[in-house]
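Working notes, structure below.
The values are calculated or read from the model by the stated rules, or taken from the named source; none is laboratory data. It should be emphasised that the depicted structure is a prediction, and the values quoted were computed from it without experimental measurement. Neighbour counts are summed over all protein chains in view; Cβ atoms, including those assigned to glycine, are modelled from backbone coordinates with ideal geometry. Heads up: the accessible areas ignore ligands, DNA and RNA and are worked out on the full protein's heavy atoms, side chains in. Shrake-Rupley method; radii C 1.70, N 1.55, O 1.52, S 1.80 Å.
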Amino acid sequence: MSKVKEIKQQQKVLQKLKSRTGIFFAILLLGIILLSIPQVLSQQPVVLNMLITPPDAQPWRQGIIKDFEAKNPGIHINLIEGPNATNLLEDLYTSAFILGDSPYDLVNMDVIWTPKFAAAGWLLDLSDRITKQELAAFSLKDVEGGRYEGKLYGIPMRSDVGVLYYRQDLLQQANFQPPETFEDLLKISQALQKQGKINWGYVWQGRQYEGLNAMFVEVLKGFGGFWVNPNTLEVGLDKPETLKAIAFLKETIQEGISPRGVTTYQEEETRRFFQSGQAAFIRSWPYLWPLANAEDSPLKGKIGIKPMVSVPDESGGGCLGGWRLGIAKSSRHPKEAWKAVKYFTSEEAQRQFILKAGFVPSRRSLFNDPQIVSKYPHYPQLLKIADKAVLRPPIAQYAQVSDILQRYLSATLTNRITPERAMQAAASETRSLLRR
Ligand code: GLC
């Protein structure tokens, strides 16, 4: 073989070797990449998504999320702020679950949503994850709000109850006791208005949304009426008590005690109105107290709190609200989600959350907790109000039943239909819905 041929052959062998080692190294590299994927992935925190209203997001972000993430470095909580009305938030959760592939892991549920979400099969059953003893630390009504057909789908994160706030300073100056009856509320309002002490008497949430019904069940209770009996599914909307409740609300507007604008107000509009010193009374939730008592609030130190009024022979009741945490059945991280639920509903987290935002605890011990009571002296009183809270009907069809009442109530409060016709229609639509 000539020298040239020999060299050419050696070059060919070398090239073959080169391409084989190239392939070998490529395979080796791929192997390393494939092997290290789980490692890389495991270093990425698991992200738990949760949808929430903007006012609630603040106190979540301020403390408890940071603490949870510090204790659980592998988990990140991603709050997604939705609209500021519970029914709109519920619509977002609902459409995500119906369309499938929902991004939500944790479900921050209003007390009225659980039966629907559980009946639709969107939530994990949490019954076996928590003992009876652990549950006994929470208010019973809050725990019940997370149950459906005997199973537990949500652990109470915080409670809520409707209350009546009054301007203690003005009532004292004019020598009035806080009102006990609807009549007292109207009379004191008018007297203070006449004396020129205040522009308006009473503000309440009258917009067509869920808050309208929360406010309305309290007036209804005060007149001895009811909406839907959850056990018998009897509907009380066309009973005389309901018409009296509507007459009271209409009177507040007709008599100039409440501004006409209340029929467009949600919680925050009424709070701003009251907090700017324009009204003597407001029906709202306990979150208002720390805001109205803030350093820069003109009402600092000037408000009192009491249960909702009633007619003389009935007892008033605040509407039970409140939020619980559930886990979406579609979540890919149920283990991490349960860790989060456990932490956010723990006594430690709830104390911190409540100290920040003045929300109602769902753990009973916190109503008399020294740290909480020294900041919010009204909490022992709040426990009594919470214990007498009135429920909106805990039924799976609640969202539709609520929508019917919202529509007809709003129509009659804005004088588009008489109360009688409105409530006959609302009652019959509700009955036929519940018969289906
Ligand atoms: C509060 C209550 C909730 C209620 C809502 C109505 O957020 O906690 O239960 O449905 O107000 O606006």
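Here are some notes:
- The listed residues are R283, R332, R351, and the only one of them that is out of contact with any Cys (no Cβ under 6 Å at 6 or more places or on another chain), touching a residue at least 12 places away in the same chain (Cβ under 8 Å) and assigned to a strand (DSSP E or B) turns out to be R283.
- Restricting the stretch 226-240 to residues that are assigned to a loop (DSSP other than H, G, I, E, B) and crowded, with 20+ Cβ neighbours inside 10 Å, the residue that is nearest to the chain's Cα centre (by Cα): W227
- Filter result for L243 (touching a helix residue (DSSP H, G or I) at 6+ places or on another chain (Cβ under 6 Å), open to solvent by 40 Å² or more (accessible area, probe 1.4 Å) and not in a loop (DSSP other than H, G, I, E, B)): yes
- Within this structure, L152 passes the test of being over 28 Å from I404 (Cβ atoms), away from the ligand (no atom under 14 Å from the Cβ) and surrounded by 19 or more Cβ atoms within 10 Å (Cβ to Cβ).
- Scanning the stretch 57-82 for residues that are within 15 Å of the ligand (Cβ to nearest atom) and either surrounded by 15 or more Cβ atoms within 10 Å (Cβ to Cβ) or at pLDDT 95 or above (or both) returns A57, P59, W60, E81, G82.
- Selected residue [within 27 Å of G222 (Cβ to Cβ), touching a strand residue (DSSP E or B) at 6+ places or on another chain (Cβ under 6 Å), open to solvent by less than 10 Å² (accessible area, probe 1.4 Å) and modelled with pLDDT of 95 or more] from P286, P361: P286
- Lone unmet requirement of (1) within 16 Å of the ligand (Cβ to nearest atom); (2) among the aliphatic types (A, V, I, L, M); (3) within 24 Å of P230 (Cα to Cα) for L51: (3)
- Given (1) away from the ligand (no atom under 16 Å from the Cβ); (2) surrounded by 22 or more Cβ atoms within 10 Å (Cβ to Cβ); (3) outside the structural domain of I188 (by TED's automatic domain parsing), number of the condition G326 does not satisfy: (1)
- Criterion applied to E134, E180, E144 was being charged (D, E, K, R) and more than 30 Å from A245 (Cα to Cα), and the one residue passing it is E134.
- Some residue of the stretch 47-56 being surrounded by 13 or more Cβ atoms within 10 Å (Cβ to Cβ) and more than 22 Å from K356 (Cβ to Cβ): yes
- Conditions (1) within 16 Å of the ligand (Cβ to nearest atom); (2) open to solvent by 30 Å² or more (accessible area, probe 1.4 Å); number of the one not met by E218: (2)
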